[in-house]
1. In degrees between 0 and 90, to the nearest 10, how far off the longest principal axis of the chain does helix 452-461 point, with axes built from Cα atoms?
2. Given 0.36 nm per residue, what is the gain on full extension from residue 527 to residue 389 after removing their alpha carbon distance, in nm?
3. In the range 16-266, what percentage of the DSSP-assigned beta bridges are antiparallel, given to the nearest 5?
4. Which value, in debye to the nearest 20, describes the size of the charge dipole of the range 425-503 about its Cα centre when Lys and Arg Cβ atoms bear +1, Asp and Glu Cβ atoms bear -1, and nothing else is charged?
5. Search the structure for amide H atoms under 5 Å from the amide H of residue 534, placed 1.01 Å from N in the peptide plane, and list their residues when 5 or more places away or on another chain.
6. Considering the options 341, 22, 168, tell which one lies farthest towards the positive end of the dipole of the chain, charges being +1 on Lys and Arg and -1 on Asp and Glu at the Cβ, about the Cα centre.
7. Could I have the simple spin-label model distance between residue 190 and residue 364, label points 7 Å from Cα toward Cβ, reported in nm to one decimal?
8. Consider just the alpha-carbon atoms of the range 274-589 and return their Rg together with their Dmax, both in angstrom.
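Read-outs: derived from the displayed coordinates by stated rules, not from any lab. Treat the numbers as computed from the prediction; the structure is a model and nothing was measured. Cβ atoms come from the backbone with ideal geometry, glycine included; neighbour counts cover every protein chain shown.
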Amino acid sequence: MNPYDKLHNGFPAYKSQPIIGITGNYGEKGCELADGYYRSVIEAGGVPLVIPPFAEGDSLLSLLDRIDGLMLSGGADINPLLLGEQPIPALHGINPQRDAQELLLVQLACDRQIPILGICRGIQVLTAALGGTLRQDIYTTHTTPTYAAESWSGSPLCPLIKHSQDAPRHTATHTVSICPDSTLYNIMRTRELPVNSFHHQAVCQPGRHLRITAQSSDGVVEAVESCEQKSILGVQWHPECFILNADRSMMPLFEWLVGEANTYRKARSIHQRILTLDSHEDTPMFFAQGVRFDHRDDHVLVDLHKMQEGGLDAGIMVAYLPQKERDEAGLQAATHYANSVLDQLEAMVNKHPEACSIAHTPDDLYRLKHEGRKAIMMGIENGYAIGKDLALLKHFRQRGIVYMTLCHNGDNDICDSARGQQEHGGLSHFGEEVVSEMNRLGMMIDLSHAAESTFWDVLRSSRQPVVCSHSSCRALCDHPRNLTDHQMRALAAQGGVMQVTIYNGFLRSDGEATLADVVRHIQHAVEVMGIEHVGIGTDFDGDGGVPGCASASELLALTCALLRAGFDEEALRLIWGENFLRVMRQVQQATMD
């Protein structure tokens, strides 16, 4: 065979493999790494990349843009001063070259949904970075833990065992009990696992982002993982040592990391090629509180940094109006408030023209993505903003409003709400005029929050397809805000779209919703309506968000979950925006003005 047949454009035609960044240890000669770490990654199908200890912020961010998974290697103790503690006499040597960098690295990687595996010191770094606490020395500080009176096996806890063995590192020296309801159990497929042990520090409390999933017989924490459905796992033993003795018993851990990294790599690559649009965000409600939109602001779930981290190109931010009095003074106040919120939104976006811009059409969105800028569209949530004045529709359309939600939680002069008193029996006479005028002006009609009677009246009255910008499936969660299968089929038949929302109360009738519930609603909507009629409207900053997808920074996790559920890139392109934009194009092109 001609060797050049194996080349593509002059480069070897290697299969794309995920890059796993491995934090390097630090010794007398600087950065160093035991070969079990990188050999295990290669064996699992990944490409290892050693990360030396450096703390320059811009370089760290650039690094995170280039890796698909992160492995935290073992090493010296963590400086207790970084955790707000004074050192105890039993503390061993610390590694100041690594500590600050790795604590920050974990936080930044977690923000970006990068899969993480922490090993020995790595589980402790992981825990400390995400708000947990450590025992500086288990032999002088360990007591029977308050979080469990017995191990996961159900056996009583025994006295403290030796956790720093003199045996060869590839030799198992004790067993750990694994929680059956855990990612670790799904990886290793056993309740009792023989492991090696070389440590004297350990996790004390995991904090709110992690949970304990393995213990030794004395109750020492041996594994933690994300309690938010993120690809984050830490183990106290050294699995990388086993491969040095041709023992593959620990390879499932590395295969898990490489597999999760591969899904993450694929999701990030897809986000680079498609346009991603969130059709409903209530973020402008918070702008008056001094939000810094160009920062990672803790006051809001959507800002420029979180959009970048989550791979979100565009969002429709709405001026939300709670339903209040409908007398003349109340209606005037509502209109004034809507304009005020839109003023704040425009001012916030216009402060950062290098990073974002107001968009009015689908073409604007694609142009801004090509320019590397985020796009913000404007909407109104609650037709209360126009009161009884049909002319205000033209005013708001000229301001750039792409859709208006006809009502919110209460009947208004346009229609009945799903949470109202059925004042009109659906659309009012004025509401019929509103529908006609919105069609004429090229403004999309949003039926989220509308009563079923309103829904059917609008479908009969509108000459254009309509949308539900943030609704979910009544068949899976019996809430009046959700759509029945009958409504969903009718919406699709008319050419409209339903944007599944990430709002706990619309995803589950009981208990806390998870990312898996979001996927279930999307799957059901696709089964009922067809792939061309389903999208995503998070309701972030309007109480939207679930563990694992709690802000714009975590939207890549939703794409990863959809990939695992079997959705391909074309399906994701439609769900992530093209379906909604198809309706927007049709509505805007039909305008008579």
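1. That works out to roughly 60 degrees.
2. Details: separation 138, 0.36 × 138 = 49.68 nm, distance 4.03 nm.
Taking 0.36 nm per residue and subtracting the Cα distance, the gain is 45.6 nm.
3. Working: 23 of 39 bridges.
Rounded to the nearest five, the antiparallel share is 60 percent.
4. On the way: 6 positive and 8 negative charges, 37 e Å.
Around 180 debye, computed over the range 425-503.
5. Distant-sequence amide H within range of residue 534: 498.
6. So the residue we want is 168.
7. With each label point 7 Å from Cα toward Cβ, the separation is 6.0 nm.
8. That works out to 17.8, 53 Å for Rg and Dmax.
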